[in-house]
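**Q** Here it is: the structure, laid out below.
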Amino acid sequence: MSILNDLKQRKIFQWAVAYLAGAWVLMQLIDVIGSRWGVSDAVARTVDVGLIVGFFITLVVAWYHGDRGQQRISGPELLIIASLLAIGGLALTILHFKQEPVTAPDSVATQAAPSDGKPWIAVLPFEVQSNDPELVNFAAGLTEDISNGLSDFSYLLVLSRNAVTGLNAASTDVRLIGKELGARYVLQGSLRRAGAVTRITAQLVDARNGTQVWAETFDREIPNDQVLAVQDELTDRIVATVGDPSGVVVRTLAAPTDRRAPEELTPYEAVLRYFLYRQRISSQDHLIARATLERAVERDPGYADAWACLSLLYQDEHMNNLNPQPNPLQRALEAAQRAVDIDSANAFAQFTLAQAHYFMRDVGAFRIHAERAIELNPRNSDTMAITGILMGYSGDWARSEELTSKAMEVNPRHAGWYNFSKVVNRYRQHDYAGALAFAKKINMPDYWGTPLMLAITNAQLGNEEAARSAAKEMFRIWPAVEQEYYQMGLINWMWAQPELIEHVREGLSKAGIEVVVPEETTD
């Protein structure tokens, strides 16, 4: 009883309760301030350890200096306090080294500067909200596949798995993670199971300000014999939606280039300016993107992506009659070959070379390089979609439908022009209603291909008013369409499909566009 009396006499309990109450209030303040002002985890851990050590120091002080305790500091008291401080220091040291993998990527962050503004992406381990070992393994595999898939896009930089080991955005401010890793974007997700259904959530966050750029939820059953199939399907959807040329990262990064003077853009930003043009396809965008990229390859002649984009712009002079200059296909082939020579494992460069060969009427070389591009990056929906169009025009409509459907599946937020091969394939089979349904999804008002598809499908269906309206719009975009379309629009694209060429001419004629066939044409 004497010890209990001593505790009461020295008011140990009152001191302990008062300290714990104050510590609790301080921890709440740190939590609120930390989320709002970005207080780092290291600071928070230091405060936690300090409060724990401080609690025991408070008890020691209360024992020796309580209501009737000694007023002078004694040797034992000093020894106890020193020991507690030493223990606290040791705990902080252990925590520091335990967390070192988080700060280790500082060297990675410094590498981002010479990357010409390319956005680093950190793919964090997907969080499993249970102890289910099957879900844990599934989450680990999904995280790894997403990271590998994003790294297949040459214009993105993805931090290695080792760089993000141990990080968990669910318990850490994403802005701090981005700052520590030098990452512009953080991709994170979680898995939880309810009965037979597993809910997978994924989101992309701009680490500069914590803004959610994209998020999606997937509910899937994952039977034991379908684990890899479900994992592949989710990886396709997430990687394409986030990383491909029509994905959220490129759209977000490309949009500001429209507000910048072309001469101010870096070589990497010039590539983004091309992707912005690709989303809209207008004569003005083409002119700006071409001048910007020609300047970019002068500044950085070893940049494969810039050469690839420039080749595609030269091809559009031939394909779409956009700001044509002499010898567009020869210039396009040389630029594409330059890109492949710089980096033969660059899927984007291989695709560019494939397309150049198609318009040079070398179907064999086209198919070789096209399949190589898809093999190098099977989740680039943009490559699959345009390859699908050209596969159809080269005569392989089965492969065309397969590639186009896959492109739309992996990237539901795809650009409108993905629908072109769907329109043409149905039109050639006289399924005009089906063709019109896809034509209405194109939604590219400044590109002549949009009113073309609407004109021929409506004309064949007997919708005269709609067909004439579309024809009027086509004349607005391309005033000399009747004189120029046969060579530039039909022969250039559909040279391997003479029956389809005549079928399209028939639809245009019914819509009021009389395409002139030159006396001498190159077949």
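The values are calculated or read from the model by the stated rules, or taken from the named source; none is laboratory data. In this text the structure is predicted, and so the values were computed from the model without any measurement. Because the Cβ atoms are built from the backbone with ideal geometry, glycine has one as well, and the counts that use them run over all protein chains shown.
**Q** Inside segment 269-284, can you point out the residues that are buried (at least 20 other Cβ atoms within 10 Å of the Cβ) and either within 19 Å of residue 347 (Cβ to Cβ) or without any contact (Cβ under 8 Å) to a residue 12 or more places away in the chain (or both)?
**A** 271, 272, 274, 275, 278, listed by residue number.
**Q** Restricting attention to helices (runs of 4 or more DSSP H) lying wholly within segment 427-523, give those where 1 or more residues are within 23 Å of residue 355 (Cβ to Cβ) and acidic (Asp, Glu).
**A** Per the criteria, 481-485.
**Q** Looking at (1) without any contact (Cβ under 8 Å) to a residue 12 or more places away in the chain; (2) on the phi > 0 side of the Ramachandran plot, which is the only condition residue 443 fails?
**A** For residue 443, the exception is condition (1).
**Q** Further question on the same structure: Among the listed residues 152, 232, which satisfies the condition of being modelled with pLDDT of 90 or more and crowded, with 20+ Cβ neighbours inside 10 Å?
**A** The match here is 152.
**Q** Scan the helices (runs of 4 or more DSSP H) fully inside segment 246-340 and keep the ones with 1 or more residues being within 18 Å of the chain's Cα centre (by Cα), under 30 Å from residue 187 (Cβ atoms) and among the hydrophobic types (A, V, I, L, M, F, W, C).
**A** 248-254, 267-280
Here is a yes/no grid of residues against (1) out of contact with any Ser or Thr (no Cβ under 7 Å at 6 or more places or on another chain); (2) farther than 19 Å from residue 409 by Cβ; (3) surrounded by fewer than 17 Cβ atoms within 10 Å (Cβ to Cβ):
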| site | (1), (2), (3) |
| --- | --- |
| 342 | yes, yes, no |
| 345 | yes, yes, yes |
| 349 | yes, yes, no |
| 357 | yes, yes, no |
| 360 | yes, yes, yes |
| 364 | yes, yes, yes |
| 367 | yes, yes, no |
| 385 | no, no, no |
